[in-house]
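Report on the structure given below.
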Ligand SMILES: Cc1cc2nc3c(=O)[nH]c(=O)nc-3n(C[C@H](O)[C@H](O)[C@H](O)COP(=O)(O)O)c2cc1C
C-alpha cells in the first residue's frame with residue numbers, strides 16, 4: 001500500500017488490545033474491511049527483540065492490508081523499531097497517541113503526548129524519515145476538554161504523516177459518552193492532504209453514513225466490530241449472512257485460526273473473550289455465556305456452544 005492507496009480506504013478495523021489479533025483481522029477482512037491495524041505494540045519491546053510481542057504481529061495471507069500500531073516516547077527508538085525485520089511485512093505504520101491507560105500515560109506515551117506537542121512532532125518526524133510506508137497517527141481530541149484536535153492534526157501534517165485517525169473523545173471520557181463529530185470541522189480545515197478517519201461509535205451503515213457526512217475519508221470501527229465482523233459488509237451495503245449457524249461457524253473458524261499461532265492455553269482465553277461478544281444480546285444464551293466464561297479447556301467451551309447451538313446446526 002502507498003499513500004495514494006490509503007486514500008481509497010473507507011473502513012478501518014480500529015486497533016484493540018486483546019482483540020484485533022490475526023484471526024479477528026482476517027475475519028473482518030473477509031467481510032470487506034479495507035484496512036486492519038494490530039493492537040498497540042511497544043517500540044522498545046520490538047527493538048529489544050521481546051518475543052512476547054511476536055504473536056501480536058502475525059498476519060494471515062488473504063487479510064486486508066495491515067498496519068502495525070506502535071507506541072513509545074523516544075523518537076529514535078520508535079524510528080529504529082519500524083526498521084526491524086519483524087515489521088517488514090506490514091503495509092504501514094500507525095502511531096498511538098491516544099491510549100488513556102495509566103501505565104502508558106505515566107510513561108509519557110499514548111495520550112500523554114497530547115500534552116507534549118513538541119515531542120509528538122519529533123516522533124512523527126523521526127518516523128517519517130525512517131520509513132517510506134504510509135504513516136498514520138491515532139489520537140484523541142483532548143485531555144479534559146476537546147481542545148487539542150486541530151493543533152494535533154496540524155502537527156501530524158507538518159511532520160509528514162499520511163493520515164490521522166481521530167477518536168472524537170477526550171482522555172477523560174475514556175470510552176464512555178458520545179464521540180463528538182462536530183469537532184471534525186476544525187480538524188479537517190488543517191488536515192491538508194492527509195487521509196482523515198473518524199473514530200467513535202460507528203456500529204452500522206447508518207452511523208457510517210452519518211460520519212461520512214462530516215467530510216472524512218473513512219471511519220475506524222472499534223467496539224462495533226466485536227462479535228460482529230460482518231459490520232464491514234453492513235457498512236458497505238453488501239449482502240451478508242449472520243444467522244445462528246453463521247455465528248457458530250465463525251467461532252469455530254476463529255478458534256482454528258487462533259490455534260495456528262497461539263499456544264492452546266492462551267488461545268482458550270483469547271477465544272473466550274470473543275465468544276462473550278458473539279453471544280451478546282442473543283436471547284436464551286445466558287447459561288452458555290456463563291459456561292464459556294467458566295470453561296478451562298476448549299472442550300468445555302465447545303460443549304457449551306454445541307449445547308446452545310444444536311438446534312440451529
Ligand atoms: C478493549 C479495547 C482495546 C483497545 N486497544 C487500543 C489500542 O491498542 N490502540 C488504540 O489506538 N486504541 C485502542 N482502543 C481504542 C479503539 O481503537 C477506539 O479508539 C475506541 O474503542 C473508540 O472507537 P469505538 O467507539 O468504535 O469503539 C481500544 C479499545 C478497546 C475497547
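Structure notes:
- Number of residues in region 218-247 that are part of a helix (DSSP H, G or I), within 16 Å of the ligand (Cβ to nearest atom) and touching a strand residue (DSSP E or B) at 6+ places or on another chain (Cβ under 9 Å) equals 4.
- When region 189-229 is filtered for residues that are over 19 Å from residue 150 (Cα atoms) and touching a residue at least 60 places away in the same chain (Cβ under 8 Å), the ones remaining, listed by number, are 208, 221, 222, 223, 225, 226, 229.
- Inside region 110-143, residues that are within 12 Å of the ligand (Cβ to nearest atom) and either farther than 15 Å from residue 73 by Cβ or at pLDDT below 95 (or both) make up a count of 4.
- Residues of region 39-62 that are closer than 22 Å to residue 198 by Cα and touching a residue at least 40 places away in the same chain (Cβ under 8 Å): 40 alone.
- Residue match in region 268-289 (condition: more than 25 Å from residue 224 (Cβ to Cβ), within 28 Å of the chain's Cα centre (by Cα), free of Cβ contacts under 8 Å to residues at least 24 places away in the same chain and surrounded by fewer than 16 Cβ atoms within 10 Å (Cβ to Cβ)): no
- Filter result for the condition that a residue is outside any helix (DSSP H, G or I) and either under 19 Å from residue 297 (Cα atoms) or under 20 Å from the mean Cα position of the chain (by Cα) (or both), over 250, 262: 262
- Residue list for region 188-217, filter: within 13 Å of the ligand (Cβ to nearest atom) and buried (at least 16 other Cβ atoms within 10 Å of the Cβ): 197, 198, 199, 200, 201, 202, 203, 207, 208, 211
- All positions within region 81-99 that are in a loop (DSSP other than H, G, I, E, B) and more than 9 Å from the ligand (Cβ to nearest atom): 83, 84, 88, 89, 90, 91
- Boolean, residue 70 is buried (at least 24 other Cβ atoms within 10 Å of the Cβ) and either more than 12 Å from the ligand (Cβ to nearest atom) or closer than 30 Å to residue 262 by Cα (or both): yes
- Condition broken by residue 91, with the remaining ones in (1) over 28 Å from residue 272 (Cα atoms); (2) over 12 Å from the mean Cα position of the chain (by Cα); (3) surrounded by 24 or more Cβ atoms within 10 Å (Cβ to Cβ) satisfied: (3)
- Sole residue being in contact (Cβ under 8 Å) with a residue 12 or more places away in the chain, assigned by TED's automatic domain parsing to the domain that holds residue 71, farther than 17 Å from residue 16 by Cα and out of contact with any helix residue (DSSP H, G or I) (no Cβ under 6 Å at 6 or more places or on another chain), chosen from 147, 158, 132: 158
- Check on residue 179, modelled with pLDDT of 95 or more, crowded, with 18+ Cβ neighbours inside 10 Å, within 11 Å of the ligand (Cβ to nearest atom) and in a loop (DSSP other than H, G, I, E, B): yes
- Count of region 107-123 residues which are farther than 14 Å from residue 170 by Cβ and either out of contact with any strand residue (DSSP E or B) (no Cβ under 8 Å at 6 or more places or on another chain) or touching a residue at least 60 places away in the same chain (Cβ under 8 Å) (or both): 8
- When residue 259 is tested against (1) in contact (Cβ under 8 Å) with a residue 12 or more places away in the chain; (2) surrounded by fewer than 20 Cβ atoms within 10 Å (Cβ to Cβ); (3) touching a helix residue (DSSP H, G or I) at 6+ places or on another chain (Cβ under 7 Å), just one condition goes unmet, and that condition is (1).
- Failed item, numbered, when residue 112 is tested on (1) over 26 Å from residue 31 (Cβ atoms); (2) in a loop (DSSP other than H, G, I, E, B): (2)
The values are calculated or read from the model by the stated rules, or taken from the named source; none is laboratory data. A quick note: this is a predicted structure, and the numbers were derived from the prediction, not measured. Note: ideal-geometry Cβ built from the backbone for every residue, glycine included; neighbour counts use all protein chains shown.
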